[in-house]
Amino acid sequence: MKDSELCGEISKCPETSPSCSSPPSAPSSDLRPSADQQAGDPHGAEPGGGGAEAEAAFPARTPVTRPDPSSLSVRGAARSPWPGLTLDQLQRRTARCSELPAAAHPHRYRHRARDAAMFIRLTARILRRLVCGRVGPLWMWKALLLFVAIVFAGQLLGVIFNRSGVQPAVHSIFSSPDAQGPSLGSCQPHNHIMFLKTHKTASSTVLNMLYRFGEEHNLRFALPLGYQLGYPLPFNAHRVKGYRGPRVVEFHIMGNHMRFNKMEVEKVMPADTFYFSIIRDPVALTESSFAYYKEVAPAFRKAKGLGEFADDPNKYYDPRLRNNQYARNLLWFDFGLDHNANFSVALAQRGEDLIRRTFKLVLISEYFDQSMILLRHALCWPLDAVVSFSLNARQQKPSVGGVSGIWMGKAAAGAGGGRPQARTPPNLSLTEDQREKLRQWNALDWYLYKAFNRTFWEEVDRFGRKQMEREVALLKMRREHLARVCLRDGGKPVEAHRIRDKNIRPFQSGFVRILGYELEPGLDNATRMSCLRMIRPEIQYKDLLDSKQFPQVPPIQAPQNPMLLAAGAGPFLRPEARKKEKPVGSEIGVRTMEEGSKDWDGSRLVRRNQTVVRGSGTGRSP
Ligand SMILES: Nc1ncnc2c1ncn2[C@@H]1O[C@H](COP(=O)(O)OS(=O)(=O)O)[C@@H](OP(=O)(O)O)[C@H]1O
């Protein structure tokens, strides 16, 4: 054999070639140990147990035994795996391979060549042992190979799942079997989701679940530039931070307040997006809205109490005034429909059809737990993903003098925790007659509520009432369990100023106290993180996600003055706009804008006939 051929061959293991399984020549068989060596070798060829299996895998294989290292060192000097070459010859020739570029230093390189040959000899021996199955039974090597393949596949799948966002985060109690809930079959979790966040319907609690799920699964949110997606203007795709044209960027979840506009939403969200929303009884919704937007909606501002407003809404309501959508058919408005249209059944049915065509599920706030079970099955989510603590709740004091449900509102506790000022809360009590008047005033919403309520229960029937009861019971148990683990005082909601951690104080609206939660002290890190996600208020959560998605650009700071925030509802002012703001009147909770100032999303505002509008707007609700 020529040196050049050998130098090429030297890098190959002769035993990995067919010669390994069926040594072709005498020198190989010469390396076989003697019978007594074989008997004393616990790793002898085709050792016990694996023999038959290996035989089947390598039917033509001649038994080859592991050479004894000592015999190799002694006898190997004269024998080599390369036919016709002793190991000494091989060593000398290998040395010549190494010497080729170093002819000027023959001694130095002869030593190196000798070392290299030693190394090769050792490596060949190890490989021969490994590959030829001399060390351990063959089945063991097969099992090892299978194990490595599984680990590799697992890693690969992990990378894929991490990318598509269905790799669950590791938690403590959150990773217990109870967290999964009853089986969902073989469905795949939805991760293209559009939630129309209607106002005063428990939508912040739902949004929190979406935030949690998205954060835990590294999904990308279609976040607003400020805190709402252009509300109350119809949604426009350019309101989404990071939007660069139809489907250029993959967004998974969209859920901040917007006035729905299907065509524009479809520019942002993928075609297989699951659309859902939530509605609430319009009387309860108006009560919540009145308490919350008393000083934001001109129609509410003029009325002393909700009863007064209900008695004669037309006396207070001007359809041209901005923010009056909070006072009439707010659901209809949020779905992008004309909330000031005169009611007719035909019109209402058309609206309902439009909504049904897009929204695969419409939840009902009054049946929140049943809604969560339907949602979990529709999205193929584990139980924990839909377990929540009620967010954005008003403080309610027991009724006085037989009047039901008086909501107590004092001047907002500062977001920074300032003591509340004593204020007369608006009277929210209603007679049955006034409730009926409110249904008529909000006839379009009332129609929607009845229609979707009916189909909601049809859906529950299809799901199975018994199964629903079982799953709702599990959901409640899980919520109670998590409340005991996560929350101080067993989960009683508390006023913002009592929450020690300022970062999780909910923002406040003018007249009402919005309650939040405190974490149980002493939780381990993983549990604390998961618990914190469940109670982190909407504004802070949006900022956090924003900073994760856009690490370089600091998010717009949430205004510290709660008066400027109709707590997640009214449009927020950007900091520069706030400087120019000049409140009309001295009442806390009044939020007004000067002509020429900018709204939270940067739109210029002008005043026309007593109506504050955006530069290109009409002044009426769009
Ligand atoms: N789980 C659950 N079940 C039933 N109701 C709930 C739930 N979570 C929140 N809420 C009530 O929803 C009201 C707040 O609604 P939103 O979060 O949609 O308000 S906002 O538009 O985002 O400001 C607010 O209603 P009011 O307290 O009547 O104002 C909350 O108490």
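General remarks:
- Each Lys or Arg adds one and each Asp or Glu subtracts one; over the other residues with Cβ under 12 Å from the Cβ of Thr358, this totals +1.
- Remark: region 296-303, residue by residue, has Karplus-estimated 3J(HN,Hα) of 9, 8, x, 5, 6, 4, 6, 7 Hz, where x stands for each Gly or Pro and the curve is 6.51 cos²θ - 1.76 cosθ + 1.60 at θ = phi - 60°.
- For Ile193, the residues whose modelled amide H falls within less than 5 Å of its own, excluding neighbours fewer than 5 places apart on the same chain, are Ile253, Met254, Phe274.
- Peptides 237-244, 474-481 ranked from most to least packed by the mean count of surrounding Cβ atoms within 10 Å: 237-244, 474-481.
- Going by accessible surface with a 1.4 Å probe and the largest first, Val485, Val387 read Val485, Val387.
- Here the accessible area is traced with a 1.4 Å probe on the protein chains. For region 178-284, carbon and sulfur cover 48 percent of it.
- Entry comment: accessible area of region 219-359 is 34 Å² per residue, from protein heavy atoms only and a probe of 1.4 Å.
- Amide hydrogen proximity for Leu487: with H placed 1.01 Å from N in the peptide plane, the residues at 5 or more positions away or on another chain lying under 5 Å are Glu520.
- Out-of-range pairs (alpha-carbon distance over 29 Å; input Lys197/Lys267; Lys197/Lys502; Lys262/Lys466; Lys315/Lys360; Lys450/Lys548): Lys262/Lys466; Lys315/Lys360; Lys450/Lys548
- By accessible area with a 1.4 Å probe, ligands and nucleic acids excluded, highest first: order of Asp318, Asp445: Asp318, Asp445
- Three-way shape call for region 455-507 based on the alpha-carbon gyration tensor, with the a/c threshold at 1.5: prolate
The values are calculated or read from the model by the stated rules, or taken from the named source; none is laboratory data. Computed from a prediction, not measured in an experiment: that's the story for all the values here. When we count neighbours, we look across all protein chains shown, and the Cβ atoms used for this are built from the backbone with ideal geometry, even at glycine. To get the accessible areas, we keep the full protein, side chains included, count just its heavy atoms, and leave off ligands, DNA and RNA. Shrake-Rupley method; radii C 1.70, N 1.55, O 1.52, S 1.80 Å.
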